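This report refers to the structure that appears directly beneath it.
The values are calculated or read from the model by the stated rules, or taken from the named source; none is laboratory data. What you see is a predicted model, and the numbers here were worked out from it, not measured in a lab. So basically every Cβ, Gly included, is an ideal-geometry build from the backbone, and we count neighbours across all protein chains shown. For accessibility, only protein heavy atoms count, side chains too; no ligands or nucleic acids. Shrake-Rupley method; radii C 1.70, N 1.55, O 1.52, S 1.80 Å.
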Amino acid sequence: MDILDALRSRISTRGFLDKPVSEATIRAILDDARWAPSGGNLQPWKVHVVAGEARQAIIDAVKAKMEADPFGDENAFPVYPEELWDPYRSRRYAVGEQMYDILAIPREDKAGRFGQVLKNFEFFDAPVGLFFTIDPRMNPNQWAHLGMFIYAVTLAAEGHGLATCMQEAWTRFTKTVGSALGLPEDEQVYCGMALGYADPEAPLNTMRTERAEVDEIAKFRGF
């Protein structure tokens, strides 16, 4: 796939086919993505790939944690600022409403909306899950480099005919996931990712979120 096509066609896929992905294909994706930019060439990222029983073990561990502590949050920092301001608040609200409109789940159907949230913790039925980790002693700069690596993984996956969904939802269970993966103290889970073949019949895979125009996000000087 052409890189420009991949940039414009990639979405957060939330419906996957029951079709396995080979280890060889995942290795090829990571072999491409490892060339992502890295300040000082630190390459501060690690990735843990789960499928089959290993994938199910993560799902089961998080399910058990939610049942034992429904309101618990293991993350060291919130995914979003607690008092989000505009235009960011409006953008976040709009994408949520767009998603639930496609699914025909009204605002008053709290159970239905919560059920959709829970699908995060089953990788939206994708056969492969990835967890990206970083040494918590790293600075914000290195977290940015980790983000570039994660994005490189999504683009490489597109090039191999696969779809992804980056999932910050897993950050709520960083310790549970880390324990299930047997991570050392110098690895902190940042986020997860669902990986597989997109289900063309899944309603949410028709969803395209809006993006701010160039003039809204950029200032040009000296031209």
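Key figures for this structure:
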item: Which numbered condition PHE149 misses (of (1) in contact with a strand residue (DSSP E or B) (Cβ under 8 Å, 6 or more places away or on another chain); (2) over 27 Å from GLY52 (Cα atoms)); result: (2)
item: Qualifying positions in the range 9-24 - in a loop (DSSP other than H, G, I, E, B), hydrophobic (A, V, I, L, M, F, W, C) and open to solvent by 40 Å² or more (accessible area, probe 1.4 Å); result: LEU17
item: Matching entry among ILE58, ILE102, ILE134 (being more than 20 Å from LYS175 (Cα to Cα) and in contact (Cβ under 8 Å) with a residue 40 or more places away in the chain); result: ILE102
item: Qualifying residue in the range 45-55 (condition: under 30 Å from ASN139 (Cα atoms) and in contact with a His (Cβ under 8 Å, 6 or more places away or on another chain)); result: yes
item: Boolean, ARG27 is without any contact (Cβ under 8 Å) to a residue 40 or more places away in the chain, more than 24 Å from PRO136 (Cβ to Cβ), of a type in the set (Lys, Arg) and outside any helix (DSSP H, G or I); result: no
item: Qualifying position, being within 13 Å of the chain's Cα centre (by Cα), in a helix (DSSP H, G or I), of a type outside the set (Val, Ile, Thr) and under 26 Å from PRO78 (Cα atoms), among ALA194, ALA169; result: ALA169
item: Top-ranked residue of the range 123-175 - restricted to ones that are under 20 Å from ASP18 (Cα atoms) and among the aliphatic types (A, V, I, L, M), ranked as most open to solvent (accessible area, probe 1.4 Å); result: MET166
item: Test result for ALA144, hydrophobic (A, V, I, L, M, F, W, C) and in a helix (DSSP H, G or I); result: yes
item: Candidate set from the range 53-92 (those that are within 18 Å of the chain's Cα centre (by Cα) and of a type in the set (Phe, Trp, Tyr)); member that is least open to solvent (accessible area, probe 1.4 Å); result: PHE77
item: Candidates ALA36, ALA6, filtered to the one that is in contact with a helix residue (DSSP H, G or I) (Cβ under 7 Å, 6 or more places away or on another chain), at pLDDT below 95, under 20 Å from ALA163 (Cα atoms) and open to solvent by less than 90 Å² (accessible area, probe 1.4 Å); result: ALA6
item: Some residue of the range 175-188 being in a loop (DSSP other than H, G, I, E, B), within 21 Å of ASN205 (Cα to Cα) and more than 14 Å from the chain's Cα centre (by Cα); result: no
item: Pairs with Cβ under 8 Å, 6+ apart, first in the range 182-199 and surrounded by 19 or more Cβ atoms within 10 Å (Cβ to Cβ) and of a type in the set (Asp, Glu), second at pLDDT 95 or above and not in a loop (DSSP other than H, G, I, E, B); result: ASP199/PHE16; ASP199/ASN205
item: Residue that is farthest from TYR100 (Cα to Cα), among those in the range 203-223 that are open to solvent by less than 100 Å² (accessible area, probe 1.4 Å) and touching a helix residue (DSSP H, G or I) at 6+ places or on another chain (Cβ under 9 Å); result: ALA212
item: Residue in the range 162-176 that is in contact with a Ser or Thr (Cβ under 6 Å, 6 or more places away or on another chain) and not β-branched (Val, Ile, Thr) present; result: yes
